[in-house]
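Report on the structure given below.
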Amino acid sequence: MKSTGNSPHHSEPEGRGVDRRAATVALVHPTLVQQIGQPAYVLPGDAAPQLRVQAAEGVTLTLTLEQAGADAGEQSTPQLSQVTLAAGEELTMDWAQGRSLECGVYALHVRGESSTAPPYFDRFSFAVYDPSLVAAEQSRIAFLDTDGRMTYIPDYKGNRILDFSNCGYRGGGASLPEVPAVLTLEPEEGDQTARIQEAIDRLSCLPLSADGFRGALLLKQGTYALEGTLAIRASGIVLRGEGQGEDGTVLHARGEGRRDMLRVCGGALRLLEDTASAIVDDYVPSGACSFHVADAGRFVPGDMVMVVRRGNEQWIHAIGMDAIVPRPNVGGTKQWGPFDLSFDRVVTCVEGDRITVDAPIACAIEAKWGGGSIVKYDDADRIAHVGIERLRVSSDYDPNVTNTQVDGKQDAVEPYAADENHAVNFAVLDHVRHAWVRDVTGCHLEHALVVIDRHAKWVTVQDCTVTDMVSIITGGRRYSFHVTGQLSLVQRCRTESARHAFVFDARVCGPNAFVDCESSVDYNASEPHHRWSVGGLYDHVRSPIYIRDRGWMGSGHGWAGANYVTWNTEGKLTVQQPPTAQNYAVGHAGTEEPPFLPNRHDPRPRQNGYWDRKGQPVQPRSLYLQQLAERLGPQAIHRIDKT
């Protein structure tokens with residue numbers, strides 16, 4: 001196991017708060033590791049950590065301890081202690097009175113109140129356990145306890161491996177429905193775009209059933225030529241064929257012209273700005289589902305909200321993304337500016353000034369980097385319950401257009417098909433929730449079989465295959481399964497001849513998961529591709545995978561992914577630790593690919609991510625399926641199995 005410390009870009013010492021509130025609070029313990037992304041634990045029998053407090057002004061601090069961790073099933077103990085300090089006063093609080101604690105995971109919550117500022121909140125985490133006692137076939141930071149449930153060891157601020165179980169159709173663990181066919185088409189000669197579109201539009205006019213569907217359009221076995229782009233713009237529609245084999249239902253993009261074959265897209269969300277409320281915690285860790293807000297009375301369970309995590313100029317500087325070394329001999333490298341991440345969530349509980357949402361936040365929200373907020377939204381125009389299934393898709397292309405270069409370099413390969421004046425993507429999904437693509441095979445596409453775009457949520461793509469991609473092998477091409485949305489699941493999918501087979505785009509707000517997927521004939525790696533995508537899982541994926549600082553690649557891709565997990569993966573693997581976050585490699589079988597350094601003029605070292613049980617698969621076999629079973633019961637796994 002490789003455990004490394006902070007990135008050199010950190011501008012402040014770990015374990016210390018920022019003296020911008022009424023008090024600065026820090027954990028004190030002789031052996032506890034206080035570094036972001038490193039497990040924070042004390043051995044059984046050791047005294048619990050203490051708190052060191054320095055008051056900038058008069059302040060009253062209240063401490064509360066929670067056991068079990070990660071905001072899912074935390075159990076609060078009675079208030080531990082309360083203390084009032086005068087301005088300039090310092091003390092060390094031995095809240096446990098020298099006692100050791102029983103084995104478990106703990107979160108120590110601090111509430112501060114002063115006469116000059118609103119209440120604020122901070123938290124620290126640690127585990128009481130002995131990592132040497134964890135069975136060899138399990139991870140030392142995410143393992144099964146004696147009850148068969150996962151225990152996650154956090155870092156000292158509570159960051160931990162995410163719960164990915166909310167990814168997928170209907171929030172994970174739901175069977176994809178068999179929607180009755182209402183309309184049926186037989187194949188005919190000529191361009192079928194208008195004919196199929198007319199049938200989709202007829203379905204769109206039907207009333208929605210109680211379960212949210214209007215019906216399926218069944219395309220009978222045979223080939224349907226498409227010279228244009230189909231569109232689904234209404235909820236409750238399923239486009240179904242009679243099989244993804246060559247003898248099934250084939251949608252064939254005929255003729256020249258760069259285009260998508262199918263777009264599934266509703267209307268834009270509308271933020272209700274007057275409901276916004278600031279998050280008042282000093283630190284909300286990655287993996288948390290709850291936080292405190294200035295005015296929780298604006299929210300009730302069931303509200304659809306965006307949880308906004310801000311990243312200011314100081315944070316951009318801390319992670320080194322305002323000093324990307326320019327791409328040599330090319331130019332065009334863009335330094336990063338401040339940006340927000342908006343996590344699409346549902347409120348599940350409001351208790352006092354604390355709000356709980358349905359899925360974890362995938363990037364820590366820190367007051368010193370800009371803090372965060374929560375705001376309701378209206379998605380009346382976003383469509384839902386749309387399915388695409390049991391189809392084969394293909395495209396015309398000019399076989400006389402060939403190339404022998406890979407990423408602009410002459411490669412020792414036979415000429416390959418490189419025409420780009422043809423279909424780019426099969427299905428692009430945006431402004432849609434609760435959607436699926438299953439049992440679809442695609443060939444001769446330029447970019448992707450499925451693009452889960454920025455405003456798509458709760459999408460499942462399963463049992464799909466991509467072969468024989470046709471394009472130049474260079475940037476922006478051959479991203480077989482391309483994820484930019486949230487809470488999506490891609491499972492049991494296969495691709496060959498991809499450049500980035502299973503890929504996340506920029507600033508993706510996870511969790512999202514690739515599970516039981518495989519690629520071959522790879523021209524590059526599966527990866528978070530650029531600019532701080534957060535919260536992705538590669539679970540039992542066979543593919544080269546790179547999670548790293550991409551530096552000047554592209555136009556300055558920089559730190560591509562944060563708070564990612566690879567679990568029982570196979571192939572080449574690079575996992576680095578970005579400043580202020582972590583990436584985890586657990587149970588990897590294959591080679592550790594040397595980290596990429598942008599060029600010799602950028603000597604800043606990049607730390608390795610957290611590697612555990614390298615070369616040895618761990619139990620459970622699938623992190624996603626284990627998490628799903630724990631949240632919804634073992635029947636949830638059966639509901640998403642291939643039948």
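Only bridges with both residues in the chain count here: give the DSSP antiparallel percent, nearest 5.
Within the chain, antiparallel bridges account for around 40 percent of the total.
Could you put Lys376, Lys220 in order, starting from the residue whose Cβ has the fewest other Cβ atoms within 10 Å?
Neighbour counts put them in this order, fewest first: Lys220, Lys376.
Given the options Cys493, Tyr41, Gln626, identify the residue whose Cα lies farthest towards the positive end of the charge dipole of the chain (+1 on Cβ of Lys, Arg; -1 on Cβ of Asp, Glu).
Towards the positive end, the residue furthest out is Tyr41.
Per residue of the chain, what 222 nm ellipticity follows from adding -39500 (n - 2.57) for every DSSP H run with n ≥ 4, rounded to the nearest 500?
Counting only the DSSP helices, I get -1500 deg cm²/dmol.
Would you mind giving the three semi-axes, in whole Å and largest first, of the ellipsoid equivalent to the chain according to its Cα gyration tensor?
45, 28, 22
How high is the relative contact order of the stretch 23-152, in percent, counting Cα pairs under 8 Å that sit 6 or more residues apart?
26 percent.
Hey, can you grab everything whose amide H is under 5 Å from the amide H of Leu226? Only 5+ residues off in sequence or another chain; H modelled, so Pro and N-termini drop out.
Those qualifying (amide H under 5 Å, at least 5 residues apart or on another chain) are Gln192, His252, Ala253, Arg254.
How do the peptides 536-549, 229-242, 96-109 rank, highest first, by the average count of neighbouring beta carbon atoms within 10 Å per residue?
536-549, 229-242, 96-109
Applying the Karplus parametrisation 6.51 cos²θ - 1.76 cosθ + 1.60 with θ = phi - 60° to the phi angles of the stretch 220-236, what ³J(HN,Hα) value in whole Hz is obtained for each residue in order, glycine and proline being reported as x?
These are the phi-based 3J(HN,Hα) values: 5, 3, x, 10, 10, 6, 10, 9, x, 10, 7, 9, 10, 10, 10, 6, x Hz.
How many nm is it between the label spots at Glu592 and Ser115, if each spot is 7 Å from the Cα in line with the beta carbon?
Roughly 5.7 nm, to one decimal.
Would you mind checking which residues have amide H under 5 Å from Ile547's amide H? H placed 1.01 Å from N; only 5 or more apart, or other chain.
Thr574, Val575, Gln576
How far, in degrees from 0 to 90, does helix 193-204 lean away from the longest principal axis of the Cα atoms of the chain, to the nearest 10?
Roughly 50 degrees, rounded to the nearest 10.
When ranked by the protection proxy of mean other Cβ atoms within 10 Å per residue, highest first, what sequence do the peptides 244-257, 455-468 form?
Per-residue Cβ counts within 10 Å, averaged per peptide and sorted highest first, yield 455-468, 244-257.
Under the definition of Cα pairs under 8 Å and six or more residues apart, what whole-number percent is the relative contact order of the chain?
Once normalised by length, the contact order is 13 percent.
Just need log10 I(q)/I(0) for the stretch 495-540 at q = 0.14 Å⁻¹, Debye formula, equal scatterers on the alpha-carbon atoms, no solvent, rounded to two decimals.
Values, matching the q order: -0.32.
When only Cα pairs under 8 Å and 6 or more residues apart are kept, what is the percent relative contact order across the stretch 270-378?
That works out to 47 percent.
Set Lys and Arg Cβ to +1 and Asp and Glu Cβ to -1, take the dipole of the stretch 270-378 about its Cα centre, and tell me which of Pro338, Pro360, Cys349 lies farthest positive.
Toward the positive end, the furthest listed residue is Pro338.
Is the C-alpha gyration tensor of the stretch 281-405 telling us rounded, prolate or oblate? Criteria: a/c under 1.5 is rounded; beyond that, a/b larger than b/c is prolate, otherwise oblate.
Oblate shape, in that a/c is at least 1.5 and b/c is the bigger or equal ratio.
For the stretch 403-481, state the average projected area of the convex hull of the C-alpha atoms over all orientations, rounded to one decimal in nm².
5.6 nm²
Toward the positive end of the charge dipole of the chain, about the Cα centre and with charges on Cβ (Lys, Arg +1; Asp, Glu -1), which of Ala278, Ala174, Thr484 goes farthest?
Checking the options against the dipole of the chain, the answer is Ala278.
What is the spin-label model distance, in nm, from Ser81 to Gln616 if the labels are put 7 Å beyond Cα along the C-beta direction?
About 4.0 nm, to one decimal.
May I ask you to evaluate 6.51 cos²θ - 1.76 cosθ + 1.60, the Karplus curve with θ = phi - 60°, for each residue of the stretch 315-323 and list the ³J(HN,Hα) values in order in whole Hz, giving x for glycine and proline?
Once rounded to whole Hz, the list reads 5, 4, 5, 4, 8, x, 8, 9, 9.
Could you compute the FRET efficiency for Ala96 and Ala135, with r as their C-beta to C-beta distance and R0 at 30 Å, rounded to 0.05?
0.55
Amide H to amide H under 5 Å from Phe164: which residues, 5+ apart in sequence or cross-chain, H placed 1.01 Å off N in plane?
none
Under 24 Å between C-alpha atoms is the cut-off here; go through the chain and count lysine pairs that meet it, provided they're at least eight residues apart or on different chains.
The result is 10.
Against the longest alpha carbon principal axis of the chain, how many degrees, from 0 to 90 and to the nearest 10, is the axis of helix 623-632 turned?
In the chain, helix 623-632 runs at an angle near 80 degrees to the longest axis.
For the stretch 23-152, divide the Cα radius of gyration by the Kirkwood radius and give the resulting Rg/Rh value with two decimals.
A ratio of 1.01.
Compute the label zone of Gln221 within the stretch 234-259: residues whose backbone N is under 17 Å from the point 7 Å along Cα-to-Cβ.
Correct set: 240-251.
Output ³J(HN,Hα) for the stretch 341-352: one whole-Hz value per residue in order, computed from phi by the Karplus curve 6.51 cos²θ - 1.76 cosθ + 1.60 with θ = phi - 60°, and x for Gly and Pro.
Each residue's phi maps through the Karplus curve to give 10, 10, 8, 7, 9, 10, 6, 10, 7, 10, 9, x Hz.
No lab work stands behind these numbers, since they all come straight from the coordinates. Being a predicted model, the structure only gives us computed values, none of them experimental. Reconstructed Cβ throughout: ideal geometry from the backbone, glycine too, with neighbour counts over all protein chains shown.
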